[in-house]
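This report concerns only the one structure given below.
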Amino acid sequence: MSFPVVRANNETSLAAIASLPQCAVYTKSITSTSCGLPIRDKSRTYVTISNTFGALSAILVLQRFTYKIWAGLDLGLDDWFTLVTLISGVPSTVMNAKALVTNGIGRDIWTLTPSQITNFARYFFVMELLYFFQVAALKLALLFFYMRIFPAVTVQRLLWGTVAFTALYGVVFVFAGSMQCRPVQYFWTKWDGEHSGSCINVNGLAWSNAIISIVLDCWMLAIPLWQLASLHLSLKRKICVGLMFFVGTFITVVSILRLRSLVKFGTDAMNPTWEFFGVGLWSTIEINVGIICTCMPTLRLLLVRLFPRWLGTTQPYHVKCSSMNNANYRTPSPTWRVSSRARGVVDDGSPFSKRHGVEHSDGNEAERGHVQVPEMKQARLKPSKAVEPFTDVGR
């Protein structure tokens, strides 16, 4: 590697030159080469994990949309926010494979050229902003999914409040991240010690984002579990439903594991291309695991269609719908029992349906749960159409 020659003049002492970060890096490079130290490189692992998780996320989101369109199910805000998260993840995956790896992530900084170090910091800055946006978008997708299946007024208010907080959380951190250094380019030029500028506590910014994210995850898990306790389901079915909601805890677990990688992030680390490897890797895993988890309910519906003998079926479920102020009543249908009031167009402009109840008849047992079945706009429910996720979640 080669570094620009720095000469002393009347304003710069030899001691100051020796303290420049680029000189320290150059000295470390010479020492490592002279002592025959091994060249460390984890970039291949980084690319493999990033591409694998990115591909899995894309496949599951494609499956989600394909199944819903094929089954005639409405696409809600949860679907669109999941798609937005995936689309914003495409440049992240590309930058992981092309930009960060090319410019040294997973390698020691003294094996790189000055331009590579600068480019690494520049791309990492962009990745940080994308991460802040993706975390917020992913949480919004989960919240809108909960709004589909928990129609109780109190829960809807809690969810809308959480949506507002999450949206604000995303906007604040994207803005703070974009303005963390003044001038902005000081984020990727400060390493050489030749540029002037200032930055906020970058490490504190990353930690505060991570901690708020984990607290939000726990809150978002508590809401469905609280509702689950009030459902009139057998203990066995409550456990089954609870386990499906606990899939979302994988996101929280990954977020907690990511905390360890933040210890040196944003500090004056002498080897950032090596030490920031964990931050980049766990951030990539966290977002993609989140996308995968949000697609699990739809994946289950597809598997039920393909393997009904092993996984059960959605067909035994009888839906009875009612207006909020009138008694329930049924009209004959081989599989679905839908009141005439529930048919037709949703006139409130909402992507969600009116509140419904679901009754599952299984032998001598009748189980009722307050969940929500989205209506087709301009259409009627038909026996051949699949129900929304979690209308048969207990099976």
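Couple of notes before you dig in:
- Extreme residue, surrounded by the fewest Cβ atoms within 10 Å (Cβ to Cβ), among residues of region 125-181 that are modelled with pLDDT of 95 or more, hydroxyl-bearing (Ser, Thr, Tyr) and under 25 Å from Asp74 (Cβ atoms): Thr162
- Filtered residue count, region 99-119, keeping only those that are within 14 Å of Asn271 (Cβ to Cβ) and within 24 Å of the chain's Cα centre (by Cα): 2
- If the condition is being part of a helix (DSSP H, G or I) and over 29 Å from Val171 (Cβ atoms), then region 98-117 contributes Val101, Thr102, Ile109, Trp110, Thr111, Pro114, Ser115, Gln116, Ile117.
- Total residues in region 123-139 satisfying the condition of being within 9 Å of the chain's Cα centre (by Cα) and hydrophobic (A, V, I, L, M, F, W, C): the figure is 4.
- If you go through region 234-272 and pick out every residue that is at pLDDT below 70, assigned to a loop (DSSP other than H, G, I, E, B), of a type in the set (A, V, I, L, M, F, W, C) and more than 19 Å from the chain's Cα centre (by Cα), you end up with 3.
- Close pairs from region 276-303: first in a helix (DSSP H, G or I), partner crowded, with 19+ Cβ neighbours inside 10 Å and of a type in the set (D, E, K, R), Cβ under 7 Å, at least 6 apart: Trp282/Arg258; Ser283/Arg258; Glu286/Arg258; Thr298/Arg64; Thr298/Lys68
- Whichever residue in region 50-81 is in contact with a Lys or Arg (Cβ under 7 Å, 6 or more places away or on another chain) and in a helix (DSSP H, G or I) and, among such residues, is modelled with the lowest pLDDT: Ala71
- Which listed residue is farther than 19 Å from Phe125 by Cα and aromatic (Phe, Trp, Tyr), from Phe187, Phe250, Phe173: Phe250
- The numbered conditions (1) under 24 Å from Leu77 (Cα atoms); (2) outside any helix (DSSP H, G or I) are all true for Val184 except (1).
- Single residue of Ala210, Ala176, Ala167, Ala229 found to be of a type in the set (A, V, I, L, M), part of a helix (DSSP H, G or I) and free of Cβ contacts under 8 Å to residues at least 12 places away in the same chain: Ala229
The values are calculated or read from the model by the stated rules, or taken from the named source; none is laboratory data. Keep in mind that this is a model prediction, so the values were computed, not measured. With ideal geometry, Cβ positions are generated from the backbone for all residues, glycine too; neighbour counts draw on all protein chains shown.
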